[in-house]
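Notes follow once the structure below has been shown.
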Amino acid sequence: MSTAATWVLPRLEKLLGSSRVRSDATTLADYEVDGKKPAAVLYPGSVEEVAAAIGFAAAEKLAVIPTGGRSKLRIGAPPSRYDLAIDLTQLNRVVAYDAGDLTVGVQPGVRFGELSRVLGEQKQIVPLSTAFSNVATIGGIVATNAVSPLRYAYGSARDFVLGIEIVTGDGVIAKSGGSVVKNVTGYDLHKLLIGSHGTLGVITRINFKTFPWPAAQQTFIATFADIEGALAYSRAIRQSPLEPRLVELLDGQASRLADLTAALDSRVVDSQRQHLPKEGWAAVVSVAGKSSVVERHAKDLAMFAEQAHAATFSVVDETVSGELLSNVREFVSRALKTYSGATVVRVNALPSAIRLLVTRLKDVSRRNAIVSACVIRAGGVIYYVLLPEDNAASRLAQAAKELMEAALGEKGSERPMIEWCPAGLKEKVNVWGPASEDLLLMIRVKKIFDPHGIMSPGRFAAGI
Amino acid sequence: MYRKRQEWCGCVDRSKATIVTQDAKLDATPQIMDRKLIGDLEQLLGTRAVLSQAADLQLYEYDGSVEQAKPDCIVFPKTTQEVSEIARLAGKYGVPLVGRGAGTGLSGGAIARHGGIVVVFSRMNRILDIDYENQRAVVQPGVVNLDLTCAVEHAGLYFAPDPSSQKACTIGGNVAENSGGPHTLAYGVTTNHVTGLELVLPDGDIVRIGGKTFDAPGYDLTGLMVGSEGTLAIVTEITVRLSRKPEAVKTLLAIFETVEDATQTVVEITARAITPAACEMFDALTLRAIEAFVHAGFPLDSAAVLLIEVEGLREAVEAQEAEVTEACRLHRAREVRKARDAAERDLLWKGRKNAFGAIGRLAPNAYVQDGVIPRTKLPETLRYVDKVSQKYGLRISNVFHAGDGNLHPIILFDQRVPGQFEKVVGAAKEIMKFCVDVGGTLSGEHGIGMEKNELMPLLFSDDDLELMKRVRDAFNPSGRLNPGKILPIGKGCGEVRILRTPALTATPA
């Protein structure tokens, strides 16, 4: 595009106004994706401007990548082409909020923190608090289907997104779903947009179901000598009537990354102050509700912990529980910050498959002599993170490949992907894993939404 | 028994309804079933698995809706492979292909609008796998909804979607229509419980989408398929999530002197974010009909009742029960009764689940509506429904999922009275339009089918519908899969359809 820039820029400025187009080197560097920079960054201020920009790009066959907080732009395969970034942070309004109906309609550029603040005034939430929550926009969270620890209790975006408006790859504004909590009118096209990584169109509005923010909360940490104990504990919780908001299992390294020690030290109920063993696991459980509900959880959780031979069982002091939960939620972002080569494999696994799968994954990192950390989120999403020292970079690609193979070979583990890795690794390993049999149907969907192939080309599986 | 009526068109802005689909083409050239195709099907499936005699076909002209159309032949496959072969034959002969479960649907989803082959799944009714540890089951589409729950309840599990027809309706049908039910208020509709599907595409290809876990990377094709009413593919296997039965359940019956008080209570409960598992409302007309039918002790002199269920952890249920009771009292509930035991609870629910049948006894004909509104608009919407009732001189009974704003006004009438059915259509249209105008939608759980496809432009723009059509055409390029459903056909007002007047056999959710 660099050669095209000269004639494209004036036309974009004419189309959107010069204040909505930037092309200085500093700005362009901020929007780099896997080593590619756009020729211009657009800041549309309305849905119509998004449609105009995409329509222009479609006519000129310019490749577009939509962006929000830019915290998750590294996820996905490298773009095959990249001409324009469309920054959606100017579309940052909560458009409709009917607190009495527990529904809210928002533009994609609303930062998650801002949405939480607005909903918080009515003691409500959208349960999508994920990593990078201080910068992430709601559009980006939905477009990447980021996994919140709260998925344990509330499900994922597909369970509470009521409707979406998009601009398709040919510049047309279209919507599906609606803003009421129950709706079977027309095709649920909005479900396709969740996790589409900008390859189908630009999300311009999302309607959510909201949930009450519970009155009282309590967080518990149990520690175990091994994964068997942690899994026995989480299984007991799963098969009980308890209704925790989140259950996160962290291995020793992940616990250190999430800085659980302070919380462990703050108040240990059974008085045997004990740091987490290096090979051990910690289970963080958070519950909410009336005091009677919280007390019941405390009682049963202590019992389950004991039955699972927990080394410690602690009630986290209220003064640190917020920070603790934030650290657990931010586990991936903390790993990426600390280790420049951090490589994150994400695998969906059925509960029965987790133990063997994690054992296999740990074998891989041991064999390649790379330190690893593991978090089991929301009962079945495994984040397995390689934390290479600088001298381990050469072994990283091999280890990542082996992790994918191990995850693919396990019964009850599905569709692993390398969510994060150094850009260079993407040339050696397919981050999306091998093609699945439904890929042909996905290609059909892609062609409908983006007939000119301009939306984040190449970023998704099999070159979509 | 049969009558003609005009297409619903007064409420549709025809200037917008410009989408001409391939359905129209099919419509223009009615299919005449080739004897040779029947022969091929018989060879494939055996003669006993193929019906093509007029008397047999007549049984499959209807479902639970007010619609009717004659299929050309009925087939009963036993395997996915057979479904695939059937699809290939349908392609070869260029005839429509329509899936059918128990035929309890309420929007004509299982009706062969343009004739063709109806694929009935009654022989594909096996539960293929129950994975207790991971709370998953793999079922064939013909498995009856309640049968799955019966198969797993010994382990404390159940299948959460609970349409009122759950004793008869099939999980395949639930997937096609994205069915709901009273308890979807807390647990979500069918789509929230389906993790993976096996599909037969119109060209006969067999593809698996999704899996046993939720939210795999990639486009959520499963989410697209559920609720697509058999227009994108034929589902031949379904992986569902099983839910854990709650530890405690409390069922309350709150009795009100006015409909207004009852609806305000629902607003209050929602705003307080109490989130009961179910919150159903019946008005006086419904109450009297139900009581005469089930004798559950529903008060005959009240204006409305709310049937509210809270469930979950014992301690949470106690707290919720107190909050619900307080909300009811605040809005002048005359009485809040508590079901003392399972038998009492079952009796109350029997009243609810048989409400449509009971109402059927009030008039020769009844037409069930299905609209959704924001819950904050519940009082004004019921006032509006009452106005419509008075305007048209038609009795309208209200029994519905108040907790999620899913209305089911039932219009009572007598088709023998000249002109009355036209009034019913007019009243139904006005109610639907009001739902959309206050920010709601055309269907909460019954589907669009051939009942409301011409109303879609009330809610969606040309561009919205064009995108839906393109998606439909991408999966169903020849338009042979369940033609004439969901999307407007875009014909003029002059179209005359032959319709069966509303039957009393409907057992909606």
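The values are calculated or read from the model by the stated rules, or taken from the named source; none is laboratory data. Since the structure is predicted, the reported quantities are computational estimates derived from the model, not experimental observations. Ideal geometry is used to build each Cβ from the backbone, glycine not excepted, and the neighbour counts take in all protein chains shown.
Counting the residues of the stretch A:279-295 that are surrounded by fewer than 20 Cβ atoms within 10 Å (Cβ to Cβ) and more than 27 Å from the chain's Cα centre (by Cα) gives 5.
Would it be correct to say that residue B:299 is in contact with a helix residue (DSSP H, G or I) (Cβ under 8 Å, 6 or more places away or on another chain), over 28 Å from residue A:288 (Cα atoms), in the same structural domain as residue B:401 (by TED's automatic domain parsing) and not charged (D, E, K, R)?
Working: in contact with a helix residue (DSSP H, G or I) (Cβ under 8 Å, 6 or more places away or on another chain): yes; over 28 Å from residue A:288 (Cα atoms): yes; in the same structural domain as residue B:401 (by TED's automatic domain parsing): yes; not charged (D, E, K, R): yes.
Here the answer is yes, as residue B:299 does meet what is asked.
Take the stretch A:212-231 and flag every residue that is at pLDDT 95 or above, within 14 Å of chain B (Cβ to nearest Cβ) and surrounded by fewer than 19 Cβ atoms within 10 Å (Cβ to Cβ). If the condition is that a residue be at pLDDT 95 or above, within 14 Å of chain B (Cβ to nearest Cβ) and surrounded by fewer than 19 Cβ atoms within 10 Å (Cβ to Cβ), then no residue fits. Being within 24 Å of residue A:24 (Cα to Cα), assigned to a helix (DSSP H, G or I) and more than 14 Å from every other protein chain (Cβ to nearest Cβ) is a property that residue A:52 has. Scanning the stretch B:271-293 for residues that are more than 24 Å from the chain's Cα centre (by Cα) and either within 30 Å of residue A:126 (Cβ to Cβ) or not basic (Lys, Arg) (or both) turns up B:271, B:272, B:273, B:274, B:284, B:291, B:292. For the stretch B:188-209, the criterion of a residue being at the interface with another protein chain (Cβ under 7 Å from one of its Cβ atoms), modelled with pLDDT under 95, more than 27 Å from residue B:406 (Cα to Cα) and surrounded by fewer than 24 Cβ atoms within 10 Å (Cβ to Cβ) is satisfied by no position. Determine, yes or no, whether residue A:338 is more than 26 Å from residue A:113 (Cα to Cα) and outside the structural domain of residue A:133 (by TED's automatic domain parsing). When the stated conditions are applied, residue A:338 does not pass them.
Filtering A:38, A:10 for residues that are part of a loop (DSSP other than H, G, I, E, B), free of Cβ contacts under 8 Å to residues at least 60 places away in the same chain and either farther than 20 Å from residue A:423 by Cβ or in contact with a Phe, Trp or Tyr (Cβ under 9 Å, 6 or more places away or on another chain) (or both) leaves a single hit, A:38.
Among the residues here, residue B:337 qualifies as assigned by TED's automatic domain parsing to the domain that holds residue B:379, in contact with a Leu (Cβ under 6 Å, 6 or more places away or on another chain) and farther than 27 Å from residue A:297 by Cα.
Taking the criterion of being in contact with a helix residue (DSSP H, G or I) (Cβ under 6 Å, 6 or more places away or on another chain), part of a loop (DSSP other than H, G, I, E, B) and surrounded by 13 or more Cβ atoms within 10 Å (Cβ to Cβ), would at least one residue in the stretch B:36-43 satisfy it? Can you show your working first?
The initial filter retains those residues of the stretch B:36-43 that are in contact with a helix residue (DSSP H, G or I) (Cβ under 6 Å, 6 or more places away or on another chain), namely B:37, B:40.
If we keep only those that are part of a loop (DSSP other than H, G, I, E, B) too, we end up with none.
Checked against the condition, which is being in contact with a helix residue (DSSP H, G or I) (Cβ under 6 Å, 6 or more places away or on another chain), part of a loop (DSSP other than H, G, I, E, B) and surrounded by 13 or more Cβ atoms within 10 Å (Cβ to Cβ), the stretch B:36-43 yields no hits at all.
For the stretch A:406-432, the set of residues classified as part of a strand (DSSP E or B) and either within 8 Å of chain B (Cβ to nearest Cβ) or within 29 Å of residue B:137 (Cβ to Cβ) (or both) consists of A:413, A:414, A:415, A:416, A:417, listed by residue number. Going through the stretch B:323-357 one residue at a time, which ones are part of a helix (DSSP H, G or I), of a type in the set (A, V, I, L, M, F, W, C) and surrounded by 14 or more Cβ atoms within 10 Å (Cβ to Cβ)? B:324, B:327, B:328, B:347, B:348, B:349, B:355, B:356 - these are the residues of the stretch B:323-357 that are part of a helix (DSSP H, G or I), of a type in the set (A, V, I, L, M, F, W, C) and surrounded by 14 or more Cβ atoms within 10 Å (Cβ to Cβ).
For residues in the stretch A:447-462 being more than 19 Å from residue A:416 (Cα to Cα) and not in a loop (DSSP other than H, G, I, E, B), which is farthest from the other protein chains (Cβ to nearest Cβ)? Taking the candidates together, the pick is A:455.
Within the stretch B:429-475, track down each residue that is among the polar types (S, T, N, Q) and not in a helix (DSSP H, G or I). Talk me through it step by step, then tell me what you get.
We begin by selecting, within the stretch B:429-475, every residue among the polar types (S, T, N, Q); these are B:441, B:443, B:453, B:461.
Result: B:441, B:443, B:461.
Taking each residue of the stretch B:47-61 that is within 21 Å of residue B:78 (Cα to Cα) and looking for partners that are aromatic (Phe, Trp, Tyr) with beta-carbon atoms closer than 9 Å, six or more apart or interchain, yields B:48/B:76; B:49/B:76; B:50/B:76; B:51/B:60; B:51/B:76.
Search the stretch B:370-402 for residues being part of a helix (DSSP H, G or I) and in contact with a strand residue (DSSP E or B) (Cβ under 8 Å, 6 or more places away or on another chain), and hand back the single one that is farthest from the other protein chains (Cβ to nearest Cβ). Here the answer is B:389. Just to be sure before I move on: is residue A:175 surrounded by fewer than 22 Cβ atoms within 10 Å (Cβ to Cβ), on the phi < 0 side of the Ramachandran plot and within 8 Å of another protein chain (Cβ to nearest Cβ) in the structure I sent? Yes: the conditions hold for residue A:175.
Could you run through the stretch A:82-108 and say how many residues are under 15 Å from residue A:42 (Cα atoms), of a type in the set (Val, Ile, Thr) and touching a residue at least 60 places away in the same chain (Cβ under 8 Å)? Qualifying residue count for the region: 1. Kindly indicate the residue of the stretch A:433-446 that is facing chain B (nearest Cβ under 7 Å) and modelled with pLDDT of 95 or more and also farthest from residue B:224 (Cα to Cα) among those meeting that condition. The selected residue is A:444.
Per-residue answers, yes or no, for (1) assigned to a helix (DSSP H, G or I); (2) touching a residue at least 40 places away in the same chain (Cβ under 8 Å); (3) within 12 Å of chain A (Cβ to nearest Cβ):
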{"site": "B:214", "(1), (2), (3)": "no, no, yes"}
{"site": "B:236", "(1), (2), (3)": "no, yes, no"}
{"site": "B:267", "(1), (2), (3)": "yes, yes, yes"}
{"site": "B:270", "(1), (2), (3)": "yes, yes, yes"}
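Summed over the stretch A:100-126, residues that are over 23 Å from residue A:175 (Cβ atoms) and touching a Leu at 6+ places or on another chain (Cβ under 8 Å) total 2. Among the residues of the stretch B:403-449, those identified as hydrophobic (A, V, I, L, M, F, W, C) and within 14 Å of chain A (Cβ to nearest Cβ) are B:407, B:432, B:434, B:435, B:436, B:438, B:442, B:448.
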